[in-house]
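The values are calculated or read from the model by the stated rules, or taken from the named source; none is laboratory data. On a predicted model such as this, the values are computed, not experimentally measured, just so you know. Neighbour counts run over all protein chains shown; Cβ positions are idealised from the backbone, glycine included. These accessible areas exclude ligands, DNA and RNA; they are computed on the full protein's heavy atoms, side chains included. Shrake-Rupley method; radii C 1.70, N 1.55, O 1.52, S 1.80 Å.
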There are 2 protein chains.
Amino acid sequence: MNTLDTDAYMQPEAAGEGASRTEAAYQELRQRILSLDLAPGALTLETELAAMLGMSRTPLREAVIRLAQEGLVIPVPRRGIQVAPITERDVREINQVLACLEIEAVMIVAARPVRDEEIAALDSAIAAMDAALESDDIDGWGKADFRFHSLIFELCPNRHLNQTARLYLDKAHRARLLTLPYRRRPVYSNSNHAAVVEAIRRGDPETARDIHAAHKRRWSSELDQIIELYPSMFEPGSSLD
Amino acid sequence: MNTLDTDAYMQPEAAGEGASRTEAAYQELRQRILSLDLAPGALTLETELAAMLGMSRTPLREAVIRLAQEGLVIPVPRRGIQVAPITERDVREINQVLACLEIEAVMIVAARPVRDEEIAALDSAIAAMDAALESDDIDGWGKADFRFHSLIFELCPNRHLNQTARLYLDKAHRARLLTLPYRRRPVYSNSNHAAVVEAIRRGDPETARDIHAAHKRRWSSELDQIIELYPSMFEPGSSLD
DNA sequence: ATTCCTCCCAATGTATACGTAGAATCGTTT
DNA sequence: AAACGATTCTACGTATACATTGGGAGGAAT
């Protein structure tokens, strides 16, 4: 770390102590983008971002390159770094890929012996979803649902699948932050998830796949309705045009 | 120089002459890695790579970061940039993900109207595979096969799927460069591909999916045999896993 | 007023400088 | 001789300097 004399720009919290500045910038920006704290479509200059994060342009650029590779950011030559907009098309495409990966993952998980504690973790996530539904906590429901799907992928021994899926999971989550306020209460999701877990416990890949596929198909059409109802959702709030 | 048939360009701009040094380094290194020109597991210092490409460390690092994000390279803190090794596990995982994505893609393509010229392109790739098989040109067969699968994804309107799949296609291609010399003549692949194209032409998603799924399953088991026969294939001087 | 041209500036791409940390080497001690 | 310690040296992370280039503002001409 660079702690010679003028330590004017020290970050007191610094959870990730040993992490490099590049890594810190990457995590920070990623978090802000995924949480919509940085608005989709927003344009910011490298210099501004660097200043915002209290570092020079070098580590910032490296972080941005990583984010660009993930599709979370689009460097626009002379205008700045653009936070990836969320188009209607993106939402559909992302969910299609995610569904495909997730169905595969569910099948893989069900095809291998699963420990009780793993089942318990899944059940716990479903319980959290139920609880959130009871108290009309749609945000809490979203979090629990995200946790459930994360778990599915984590239980899957295919690291490549896991890694790629997480990327799409994150993107889907970001998109969902836009759609959540407009969704009706997602009642069937929970019973479907429970049925999938049951199939996993029984070690029944085909059933798990079918249930999950059906669930995904249902969600897809629900998404279509939402998109149709609120097409303005995806208007770039702070886009250049 | 080293121009393989993988003309997978990114969105920004064609990587030709006006490209930035970062872009040039990225393309060049990527090509070399995918063609096994840079051996899996090889360690090279940033300085050496920069010198090799005739540029300073800055653009080189940016290229390396992109490659690292794709999993083609692993920067090892004090030892250098490591070209991603190819483990047996990697091969299995990559093919599993790719199969999953490809089956989805085939279904999507078959579900939408396909123009004659698109069918023709697919047929042409299959013809090239046939011709290569006739003349025992296993390398030519690999290229044509790669082209066929690329086409499948390109005909798929889902850009996210396309992009992610291309990544896995490239990785799988790299792994296949190792296994190609050991493969028996892949006779059934061609008839399967032809059947898939036929299903696509008829607009029959389910059949296309089933055929392709069966094909992928068969290939997967063939791969298993190869791996079992030649486990030494995957041990260049890497020491991870 | 609109359009085109020119000039200026600022944002980026790239090179370089610099401090730090980790590894290897060499010397010392038991 | 082996183990431990100090020292040097090297590779990397980060900051900064610099050149280029594209874009926009302003002016002139129609």
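Does region B:213-236 contain at least one residue that is modelled with pLDDT under 90, surrounded by fewer than 16 Cβ atoms within 10 Å (Cβ to Cβ) and among the aliphatic types (A, V, I, L, M)?
Yes, region B:213-236 contains at least one residue that is modelled with pLDDT under 90, surrounded by fewer than 16 Cβ atoms within 10 Å (Cβ to Cβ) and among the aliphatic types (A, V, I, L, M).
Looking only at residues in region B:143-170 that are open to solvent by less than 10 Å² (accessible area, probe 1.4 Å) and assigned to a loop (DSSP other than H, G, I, E, B), which one is farthest from the other protein chains (Cβ to nearest Cβ)?
Restricting to residues being open to solvent by less than 10 Å² (accessible area, probe 1.4 Å) and assigned to a loop (DSSP other than H, G, I, E, B), the top hit is B:C156.
Listed residues A:A132, A:A127; which is more than 14 Å from chain B (Cβ to nearest Cβ) and at pLDDT 90 or above?
Going through A:A132, A:A127 in turn, just one is more than 14 Å from chain B (Cβ to nearest Cβ) and at pLDDT 90 or above: A:A127.
Residues in region A:53-68 that are under 16 Å from A:A42 (Cβ atoms) and either more than 16 Å from DNA strand C (Cβ to nearest atom) or not small (G, A, S) (or both): how many?
So the answer is 4.
In region B:171-189, which residues are within 14 Å of chain A (Cβ to nearest Cβ) and touching a Leu at 6+ places or on another chain (Cβ under 6 Å)?
B:A172, B:R174
Based on this model, can you work out whether B:P59 counts as in contact (Cβ under 8 Å) with a residue 12 or more places away in the chain, over 16 Å from the mean Cα position of the chain (by Cα), within 12 Å of another protein chain (Cβ to nearest Cβ) and under 25 Å from B:T164 (Cα atoms)?
Yes: the conditions hold for B:P59.
Which count do you get for residues in region B:31-52 that are assigned to a helix (DSSP H, G or I), away from DNA strand D (no atom under 14 Å from the Cβ) and surrounded by fewer than 21 Cβ atoms within 10 Å (Cβ to Cβ)?
So the answer is 3.
List every residue pair whose Cβ atoms lie under 9 Å apart, where the two residues are 6 or more positions apart in sequence or sit on different chains, the first residue falls within region A:211-224 and is acidic (D, E), and the second residue, located anywhere, is surrounded by 14 or more Cβ atoms within 10 Å (Cβ to Cβ).
A:E222/A:R183; A:E222/A:P186; A:D224/A:R92
Within region B:110-126, how many residues are farther than 25 Å from B:G140 by Cβ and either buried (at least 22 other Cβ atoms within 10 Å of the Cβ) or in contact with a strand residue (DSSP E or B) (Cβ under 7 Å, 6 or more places away or on another chain) (or both)?
Total meeting the criteria: 1.
Based on what the data block shows, is A:R78 away from DNA strand D (no atom under 16 Å from the Cβ), surrounded by fewer than 20 Cβ atoms within 10 Å (Cβ to Cβ) and of a type in the set (K, R)?
no
Scanning region B:69-95 for residues that are free of Cβ contacts under 8 Å to residues at least 12 places away in the same chain and in a helix (DSSP H, G or I), which turns out farthest from DNA strand C (Cβ to nearest atom)?
B:E93
Take the conditions of a type in the set (V, I, T) and at pLDDT 85 or above and apply them to A:V187. Does it pass?
no
Does A:A99 count as within 19 Å of A:N158 (Cβ to Cβ) and either more than 20 Å from the chain's Cα centre (by Cα) or buried (at least 22 other Cβ atoms within 10 Å of the Cβ) (or both)?
It is false that A:A99 is within 19 Å of A:N158 (Cβ to Cβ) and either more than 20 Å from the chain's Cα centre (by Cα) or buried (at least 22 other Cβ atoms within 10 Å of the Cβ) (or both).
What number goes with the only condition from (1) within 13 Å of DNA strand D (Cβ to nearest atom); (2) in contact with a Gly (Cβ under 9 Å, 6 or more places away or on another chain) that B:I86 does not pass?
Single failed check for B:I86: (1).
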